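*Asks:* This is the structure, below, for whatever I ask next.
The values are calculated or read from the model by the stated rules, or taken from the named source; none is laboratory data. Here the structure is a predicted model, which means the values were calculated and not measured. Note that we place each Cβ from the backbone using ideal geometry, even for glycine, and neighbour counts take in every protein chain shown. Quick note on the areas: whole protein, heavy atoms, side chains included, nothing else; ligands and nucleic acids left out. Shrake-Rupley method; radii C 1.70, N 1.55, O 1.52, S 1.80 Å.
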Amino acid sequence: MKLVSRHIDKHGAGHVTLRPEDDEDMWHLYNLIQVGDSVRGTAIRRVQNVSSTGSTESHRVRLNLTIQVGRIDFSSTAAPAASTSDSSPVESSGSSAPPPTSAALHIAGRVISENQHVKMGAFHTLDIEANRDVRIEKADGWDSVAVARVEEAIIPGRGAEVGAVVCGEGTAAFCLLSQHMTLVANRINVAIPRKSAAAGASQYEKGMAKFYATLYESFVRHIPYASAGLRAIVIASPGWVRDGVLNYLVEEAGKRGDKTLQRALKEKAVKVHVSSPHVHSLVEVLKSPEITSQLKETKFAREGVVLDKFFKMLGTDEMRAWYGPDHVCLAADRGAIGTLLISDDLFRSSDPKIRKRYVEVVEAVQQKGGEVVIFSSMHESGQQLNQLTGIAAILTFPLDIEVVEAEEREAELNDVMSCD
């Protein structure tokens, strides 16, 4: 994301102009823009002209429109339909390009600035495009969370940092992990005959050979192994499938003379055991010692480690592991939070009061020296946190929820009595 201009005063009023460049930038914009904000961007409208003779002609015009946001929709890259055993192989070119930018961001609302082609108050939908400027002016001002999101979005050199293949016998999902997103680039599914005395092992071996060949072709298409920014290539599976997959990739790259892939596998490939061959197993991948040592500075790895720490605390010392908006707010009021876990979903609330409440919790924890980890709901760890209300906290000292709630009720009762 490029920062084109920023004009925000000390009270939070003002506007920011940004230029998205990739899928992750679209995700940042989705988290920045809220209902009620003013957004200015490029749009294409069909315009009709009536000549002096009464004939009409229409043509498309690209223009800049400012709308007041009424609805915002985001769709990430959709994984292609699972490939089957009939997939036709394609020769590897020795290089690997990441999937094209395909996240879609649509912002709908009423036009609030005059334009010669569009009437004031008319409804329009802005389809946000890569490399085109977007100007955002927030209805309730720029709070600390929104400003921090802008600062994070404009850090250069981001992109996919981990390419992962989560596989089982005959199945594989190819995933790209960046700071805020997990994209499933492709899935394959090849039928593998069971081993049996009647059929013999040959049918099973033929099925696995076909699976490995299909997996190799999908790997070179969808994993950007030639990218300098890719830190790790993860081969994850239950059982020993990962060993066979990695061995085949190395051998096939040698046969085809793909030295770039050979070097990438030698330097970046990591085998990780997971409990199931499904994408949600990426949470296990990110908290494995093999990966955390390589990715300890990345945001998504930190999310996995912190969430794992919370669940362990919940199992061993539940008075130091609180979750739910009301309980976490109570803990924040007492300055007890050491680490706050909060999903970016909560900041997208259409109710400004609810967003303000969570922003105040974040600021309160930071002011008292606590750590705040904002989870991306596009990562598996963020989705797990969303199932747990979207907010949780690891406390610096134990607090009994029942005692704290009783104290709150007593304080409220005293306030009522003092008013009387």
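*Asks:* Rolling a 1.4 angstrom probe over the protein heavy atoms, how many square angstrom per residue are accessible across the chain?
*Replies:* Using a 1.4 Å probe on heavy atoms only, each residue of the chain averages 50 Å².
*Asks:* What number does the stretch 206-252 give for Rg over Rh if you use C-alpha atoms and the Kirkwood radius?
*Replies:* On the way: Rg = 11.4 Å, Rh = 11.6 Å.
Radius of gyration over Kirkwood radius for the stretch 206-252 works out to 0.98.
*Asks:* Need one word for the stretch 280-353: rounded, prolate or oblate. Basis is the Cα gyration tensor (sqrt eigenvalues a ≥ b ≥ c); a/c below 1.5 gives rounded, then a/b vs b/c decides.
*Replies:* oblate
*Asks:* Which of LEU346, LEU282, GLY369 sits farthest toward the positive end of the charge dipole of the chain, with +1 on the Cβ of Lys and Arg and -1 on the Cβ of Asp and Glu?
*Replies:* Toward the positive end, the furthest listed residue is LEU282.
*Asks:* Right, here's the next one. Pick out, from VAL50, MET313, VAL118, the residue whose Cα sits farthest towards the positive end of the charge dipole of the chain, with +1 on the Cβ of Lys and Arg and -1 on the Cβ of Asp and Glu.
*Replies:* Positive-most Cα among the choices belongs to VAL50.
*Asks:* Okay, moving on. Using +1 at the Cβ of each Lys and Arg and -1 at the Cβ of each Asp and Glu in the stretch 178-285, identify which of PRO238, ASN189, SER178 lies farthest towards the dipole's positive end.
*Replies:* ASN189
*Asks:* Something else: Please tell me the relative contact order of the chain in percent, rounded to the nearest whole number, where contacts are Cα pairs under 8 Å and at least six residues apart.
*Replies:* On the way: 782 pairs, mean separation 58.9, N = 420.
After rounding, I find 14 percent.
*Asks:* Over 23 Å between C-alpha atoms is what I'm after, so list which of LYS10/LYS138; LYS195/LYS271; LYS10/LYS299; LYS309/LYS356; LYS210/LYS287; LYS312/LYS356 land there.
*Replies:* Distance filter (> 23 Å) returns LYS195/LYS271; LYS10/LYS299; LYS309/LYS356; LYS210/LYS287; LYS312/LYS356.
*Asks:* Further question on the same structure: State to the nearest 20 debye the size of the charge dipole of the stretch 98-255 about its Cα centre, where the only charges are +1 on K and R beta carbons and -1 on D and E beta carbons.
*Replies:* Result for the stretch 98-255 is approximately 520 debye, rounded to the nearest 20.
*Asks:* Something else: Which percent of the accessible heavy-atom area of the chain goes to carbon and sulfur, probe 1.4 angstrom?
*Replies:* The computed percentage sits at 50.
*Asks:* If you take the C-alpha gyration tensor of the stretch 148-298, multiply each eigenvalue by 5 and take the square root, what semi-axes do you get, largest first, in whole Å?
*Replies:* Three semi-axes, in Å: 30, 17, 13.
*Asks:* Residues with beta-carbon under 13 Å from that of ILE233, excluding ILE233: net charge, scoring Lys, Arg +1 and Asp, Glu -1? Walk me through the numbers before you get to the answer.
*Replies:* Values: positive: ARG231, ARG242, ARG263, LYS266, LYS268, LYS271; negative: GLU161, GLU267, GLU290.
The answer is +3.
*Asks:* Treating only the Cβ atoms of Lys and Arg (+1) and Asp and Glu (-1) as charged, compute the dipole magnitude of the chain about its Cα centre; round to the nearest 20 debye.
*Replies:* It works out to roughly 1880 debye.
*Asks:* Could you give each residue of the stretch 347-360 its phi-based ³J(HN,Hα) in whole Hz, using Karplus coefficients 6.51, -1.76, 1.60 with θ = phi - 60°, and x for Gly or Pro?
*Replies:* Each residue's phi maps through the Karplus curve to give 7, 8, 4, 6, 8, x, 5, 5, 4, 4, 4, 6, 4, 5 Hz.
*Asks:* Bin width 5 Å, alpha-carbon pairs only: give the P(r) of the stretch 350-420 as whole percents, running from 0 to the bin holding the largest distance.
*Replies:* Once binned at 5 Å, the Cα pair distances of the stretch 350-420 give 3, 12, 13, 17, 22, 16, 9, 5, 2, 1, 0.
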